[in-house]
Amino acid sequence: MNAQQSFANALQILGCSARKDGNTDNAARLFAQGYEAAGGQTQTRFMRDYTVRHCTACEACAVPGNKKCVQEGKDDSSELYSMLMEAPSLFISSPIYFYHLPSIFKTFIDRCQCFWFRQHNRDPFVLSLPPRKAYICLVAARPVGDQLFHGSLLTLKYFLSPFNISLVEPLLIYGKDGPDELANDSETIERIKDYATAAYNDTVPRFSTQK
């Protein structure tokens with residue numbers, strides 16, 4: 001991975017499915033189309049293209065003044081960290097597996113514990129990160145479920161908090177399992193494009209965990 005590229009000039013899109021060209025890949029593509037049609041710029045990457053080692057719970061990152069995970073430099077995590085620190089805004093598309101986020105994404109989320117400790121230890125750089133927004137699209141095969149997305153949204157909220165990135169109201173899509181189901185649903189396609197337009201116009205309301 002090229003850790004030297006800039007992430008600061010475009011909304012960053014992260015697709016989190018292990019399945020290529022499936023529903024959440026299509027959601028990422030449609031969001032990019034809608035956002036760029038409105039006048040914005042996007043860059044897209046996929047978690048499956050990165051190798052990220054698991055957090056070992058060594059807690060070396062808990063030591064004040066320690067700014068790096070011990071696994072950093074042994075995998076591709078540095079580029080993803082840079083994206084979260086530099087991106088002007090984010091769009092994350094992810095499937096739901098067993099009422100939560102897929103393991104390839106959750107592994108990276110767990111690795112960001114080092115940034116939680118940097119925030120906790122009042123690291124000046126982390127505290128200086130500007131406030132930004134994350135737009136979320138979660139896609140589930142189940143057609144119903146009051147709590148189907150709840151755990152994932154809480155995880156995303158606290159995962160992004162040390163980077164000073166807050167969630168806006170997410171786009172939650174039920175009943176899409178086969179890889180082409182979203183791509184063949186004109187109503188859902190329009191929902192995603194409308195969400196992208198609202199993101200560009202900064203009219204999506206802030207996410208509330210009180211619902």
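In segment 181-207, the residues that are more than 22 Å from residue 43 (Cβ to Cβ) and open to solvent by 30 Å² or more (accessible area, probe 1.4 Å) form Cβ pairs under 6 Å with partners that are of a type in the set (A, V, I, L, M) and not in a helix (DSSP H, G or I), at six or more places apart or across chains, as follows: 206/168; 207/167; 207/168.
Considering each of 161, 152 in turn, give the residue that is polar (S, T, N, Q), buried (at least 19 other Cβ atoms within 10 Å of the Cβ) and at pLDDT 95 or above. Spell out the reasoning first.
Numbers: 161 fails: buried (at least 19 other Cβ atoms within 10 Å of the Cβ).
Just one listed residue meets the conditions, 152.
For beta carbons closer than 7 Å, sequence separation of 6+ or different chains, a first residue in segment 118-130 that is within 12 Å of residue 66 (Cβ to Cβ) and a second that is part of a helix (DSSP H, G or I) and among the hydrophobic types (A, V, I, L, M, F, W, C), the qualifying pairs are 118/126. Within segment 33-88, the set of residues being in a loop (DSSP other than H, G, I, E, B), open to solvent by less than 30 Å² (accessible area, probe 1.4 Å), touching a residue at least 60 places away in the same chain (Cβ under 8 Å) and not hydrophobic (A, V, I, L, M, F, W, C) comprises just one member, 40.
Does segment 139-151 include one or more residues that are under 24 Å from residue 82 (Cα atoms) and either hydrophobic (A, V, I, L, M, F, W, C) or not in a helix (DSSP H, G or I) (or both)? Please lay out each step first, then the result.
At the first step, the residues of segment 139-151 found to be under 24 Å from residue 82 (Cα atoms) are none.
The answer is no; no qualifying residue exists.
Residues in segment 1-54 that are out of contact with any Ser or Thr (no Cβ under 7 Å at 6 or more places or on another chain) and modelled with pLDDT under 95: 1, 2, 4, 5, 6, 8, 9.
The values are calculated or read from the model by the stated rules, or taken from the named source; none is laboratory data. Fair warning: this is a prediction, and the values are worked out from it, not measured in the lab. Cβ atoms come from the backbone with ideal geometry, glycine included; neighbour counts cover every protein chain shown. Keep in mind that these areas ignore ligands, DNA and RNA; they rest on the heavy atoms of the full protein, side chains included. Shrake-Rupley method; radii C 1.70, N 1.55, O 1.52, S 1.80 Å.
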